[in-house]
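K.L.:
Here it is, the structure in full.
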Amino acid sequence: MADMQQDLRELYQEVIFDHNRHPRNFRAMEQASHAADGYNALCGDQLTVYVKVQDDVVVEASFVGHGCAISTASASLMTEAVKGKTVAEVEALFQDMHAMLTEAHPEDRDFGKLEVLAGVREFPSRVKCATLAWHTLHNALAGVRDTAQTE
Ligand code: ZN
């Protein structure tokens, strides 16, 4: 855990700590139209993402689970970011976030609050913590019932 403390210092600590301590939309959703489970074996992060889609718009997103600060903060930020977007916009955001977290930062893209997660790229062992929620959301919207793996 010492490594993680060190990693976090390099990230946008405050926002991540805040979202970890007080995760937004942290609840199961009985009226969800889509849901999926995700598991990051590398860290032990486990979560379930719920979304409610109406007329092709994500009107609600929530999650439950347990994991490290980065996985929880990423899921919390994600549920805020996707609300009100169309399914196509969420899918585009998933692709952009994946690129932002694993490759190069797409230069023409403003990620707003989600920028706080960009720092994990410097810490390969933590990238999957940040991408887990997004993979799980992607699977939920695709109707994939299997547990999302971060591979
Ligand atoms: Zn983790």
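K.L.:
For the stretch 80-139, how many residues meet the condition of being of a type in the set (D, E) and without any contact (Cβ under 8 Å) to a residue 24 or more places away in the chain?
P.N.:
Initially, the stretch 80-139 is screened for residues of a type in the set (D, E), giving 80, 89, 91, 96, 103, 107-108, 110, 115, 122.
Keeping just the survivors that are without any contact (Cβ under 8 Å) to a residue 24 or more places away in the chain gives 89, 96, 103, 107-108, 110.
The qualifying residues number 6.
K.L.:
Let me ask something else. How many of the residues making up the stretch 9-53 are of a type in the set (F, W, Y) and under 22 Å from Q149 (Cα atoms)?
P.N.:
Residues in the stretch 9-53 being of a type in the set (F, W, Y) and under 22 Å from Q149 (Cα atoms): 3 in total.
K.L.:
Only one of these conditions is not met by C68: (1) in contact (Cβ under 8 Å) with a residue 24 or more places away in the chain; (2) closer than 24 Å to S33 by Cα; (3) among the hydrophobic types (A, V, I, L, M, F, W, C). Which number is it?
P.N.:
Against the list (1) in contact (Cβ under 8 Å) with a residue 24 or more places away in the chain; (2) closer than 24 Å to S33 by Cα; (3) among the hydrophobic types (A, V, I, L, M, F, W, C), C68 comes up short only on (2).
K.L.:
Looking at (1) in contact with a strand residue (DSSP E or B) (Cβ under 9 Å, 6 or more places away or on another chain); (2) at pLDDT 85 or above, which is the only condition E91 fails?
P.N.:
If we test E91 against (1) in contact with a strand residue (DSSP E or B) (Cβ under 9 Å, 6 or more places away or on another chain); (2) at pLDDT 85 or above, just (1) comes out false.
K.L.:
Looking at this structure, is A69 touching a helix residue (DSSP H, G or I) at 6+ places or on another chain (Cβ under 9 Å) and either at pLDDT 95 or above or among the hydroxyl-bearing types (S, T, Y) (or both)? It would help to see each step written out before you state the result.
P.N.:
On the way: touching a helix residue (DSSP H, G or I) at 6+ places or on another chain (Cβ under 9 Å): yes; either at pLDDT 95 or above or among the hydroxyl-bearing types (S, T, Y) (or both): no.
Criteria not met by A69.
K.L.:
For the stretch 135-149, which positions are of a type outside the set (G, A, S) and at pLDDT 70 or above? Walk me through how you get there before you give the answer.
P.N.:
Looking only at the stretch 135-149, we keep the residues that are of a type outside the set (G, A, S), and these are 135-139, 141, 144-147, 149.
Selection gives H135, T136, L137, H138, N139, L141, T147, Q149.
K.L.:
Also: Considering only the stretch 30-134, give the strands (runs of 3 or more DSSP E) lying wholly within it that have at least 2 residues that are away from the ligand (no atom under 13 Å from the Cβ) and open to solvent by less than 10 Å² (accessible area, probe 1.4 Å).
P.N.:
45-54, 57-66
K.L.:
Taking the conditions exactly as written (in a helix (DSSP H, G or I), modelled with pLDDT under 95 and either of a type in the set (D, E) or on the phi > 0 side of the Ramachandran plot (or both)), does D18 satisfy them or not? If you could, list the steps in order and put the result at the bottom.
P.N.:
On the way: in a helix (DSSP H, G or I): yes; modelled with pLDDT under 95: yes; either of a type in the set (D, E) or on the phi > 0 side of the Ramachandran plot (or both): yes.
Judged against the criteria, D18 is a match.
The values are calculated or read from the model by the stated rules, or taken from the named source; none is laboratory data. Worth saying up front: this structure is predicted, and the values here are computed from it rather than measured. Reconstructed Cβ throughout: ideal geometry from the backbone, glycine too, with neighbour counts over all protein chains shown. Protein only, heavy atoms only, side chains kept; ligands, DNA and RNA dropped before computing areas. Shrake-Rupley method; radii C 1.70, N 1.55, O 1.52, S 1.80 Å.
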